[in-house]
Amino acid sequence: MANTEFTEMQKDAIGEILNISMGSAATAVSELLNAKVWITTPRVDVIACGQMNYNRLEPAVCVKIVYVKGLQGSNLMVLKQSDVQLILNQLMGQPLVVTPDFEFDELNISAVSEVMNQMMGASATALSDFLGFSVDISTPTPYIMEQVDLASIQDYDPDEMVVSITFDITIDGVIKSEFVSVLSLDLARTIADKMLNPQDEEPAPQPVQETAQPAPAAPQPIPQMPQQPAPMPQMPQMQQPMPQMPQQQMPQMPQQPMPQMPQMQQPMPEQPMYGYPQPPYGYGYPQPNPYAYGYPQPQPINVQNAQLRPFESQSVNLSGEQKDNLQLLMGVPLQISVEIGTAKRKVKDILEFTQGTIIELERQAGAPVDVVVNGNLIARGDVVVVDDNFAVRITEIVKSKFMDSLGKE
């Protein structure tokens, strides 16, 4: 009787669909418990409600989930109490041991509801994506049962046929067990038929959308077409100085490019680059002003000639004998030289010097030259020409021990 009401193909279909949805549920539980979770190997049976025997799961916990949108019916999840206890210990960070004095108080019942809510919520989302319509569930309701009696929870008749799907569940380092999902025959048949016989309602609205999409797009280029061909008649003027061209080609050239140019330039204003609108530049359009869109305008540069501060004469109070000695020193001749720059070369490079060889110095052109007295740098200046002779105009006095020794008391 069961086979005639629920075929083998339907059994395979419901097993495959729930396998996919439970895969998403395993991912949700894995993130909640911070442990790897595998839910595999669904086994589908169609039996009478009064013939169900789940003694291997006693004492058990039954969680009831009611579909409130998309589907009609309920799903009863049956798990071992010992498995639920280990799952709660993993969730709360407790030792993974089964204690006989464990009680399902209000806190533990709330934790079981939250775990099943995450698990079945992910399963409903995957089921919704697979079936192609929205599926919502109610808040899971847990039942603590010393003896499994699903008929009293769901008000099943003893002779009513139900679909039982058994899954193997493995939580890494926590449990390796099984649980059972019980669906009514009508709900299981509805889900299976959605997979075996998909409805052809989806292709019907597609042509409506296709016809509706070009409707707003068609009038957009119509007002834009007469706006842009206005400046384009300047193009034939470029071809007027060509008298050798035949007169038959003259009217054809402005007619072909004129409608094509506006079409290529239409999307340009709608695609700004770097935050500035891009108008269709071309014949008859003014050049863009980058400063009109908030671009910083260049500030005027204040250029002034360098003001050289005159050197102040050093006033040193000397005694009479010191003044006489200083006058003697003032007559001592010193060798003054000017260096415009230096360079380092290897011996082999110097031996290769010939007339016309250019030696590049380390100093840039126009830089001040060094004024050296007896090998000591005392000043810097600019090279000038005085009566056809080179000279140096001192621009900077360099403080050194040599200069300090000359003016020392």
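Throughout, read-outs are computed from the coordinates displayed, never taken from laboratory work. Computed from a predicted model, the values in this text were never measured in an experiment. When we count neighbours, we look across all protein chains shown, and the Cβ atoms used for this are built from the backbone with ideal geometry, even at glycine.
Collect residues whose amide H, placed 1.01 Å from N in the peptide plane, falls under 5 Å from the amide H of Thr395; neighbours closer than 5 in sequence don't count.
Arg380, Gly381, Asp382
Ratio of Rg to Rh for the range 2-196, alpha carbon only, Kirkwood?
Checking Rg against Rh, the ratio lands at 0.95.
Find how much the distance from Glu31 to Glu114 grows on full extension, using 0.36 nm per residue of separation minus their present alpha carbon separation; answer in nm with one decimal.
Residue separation times 0.36 nm, minus the Cα-Cα distance, leaves 28.6 nm.
Can you list residues from other chains, or at least 5 along the same chain, whose modelled amide H is less than 5 Å from the amide H of Lys69?
Those qualifying (amide H under 5 Å, at least 5 residues apart or on another chain) are Asp136.
Taking R0 as 30 Å, what's the FRET efficiency between Ala367 and Asp388 from their Cβ-Cβ distance, rounded to 0.05?
Result of the calculation: an efficiency of 0.80.
Straight-line reach from Lys323: which lysines fall under 22 Å, measuring Cα to Cα and dropping same-chain residues less than 8 apart?
In chain and number order, the partners are Lys401, Lys408.
For the range 31-147, what log10 I(q)/I(0) values come out of the Debye formula at q = 0.14 1/Å, with one point per alpha carbon and no solvent?
Normalising to I(0) and taking log10 leaves -0.69.
Among Lys36/Lys69; Lys64/Lys194; Lys36/Lys194; Lys348/Lys399; Lys80/Lys194, which pairs are too far apart, with a Cα-Cα distance over 26 Å?
With Cα atoms farther than 26 Å apart: Lys36/Lys69; Lys36/Lys194; Lys348/Lys399; Lys80/Lys194.
Run the dipole for the range 2-196 about the Cα centre, Lys and Arg Cβ at +1, Asp and Glu Cβ at -1, nothing else charged, and hand back the magnitude in debye, nearest 20.
480 debye
Output the peptides 13-26, 344-357, 168-181 sorted from most to least packed, where packing is the average of other Cβ atoms within 10 Å over each peptide's residues.
Final packing ranking: 13-26, 168-181, 344-357.
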